[in-house]
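Have a look at the structure below before the remarks.
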Amino acid sequence: MDVLVWLIPISLFLGAVGLIGFIYTVKSNQYDDPEGDSQRILSKEWDDHPKP
């Protein structure tokens, strides 16, 4: 039972760090264009093969 005295605060601290990191990424607009990546993959405009 003594180990729970250490594990519960450590897990709460790590959860808070993860939440703060997630809020920081949302506020810095890192998730601004989630649809753009899928559209770029399907686009023929940026094809790796040279045109004949």
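The values are calculated or read from the model by the stated rules, or taken from the named source; none is laboratory data. Predicted model, so just to flag it, every value in this text is computed and none were measured.
What are the residues in region 29-52 that are hydroxyl-bearing (S, T, Y) and modelled with pLDDT under 75, if any?
Filtering region 29-52 for residues hydroxyl-bearing (S, T, Y) gives 31, 38, 43.
Selection gives S38, S43.
From the list V26, V17, the lone residue that is assigned to a helix (DSSP H, G or I), within 16 Å of the chain's Cα centre (by Cα) and modelled with pLDDT under 95 is V26.
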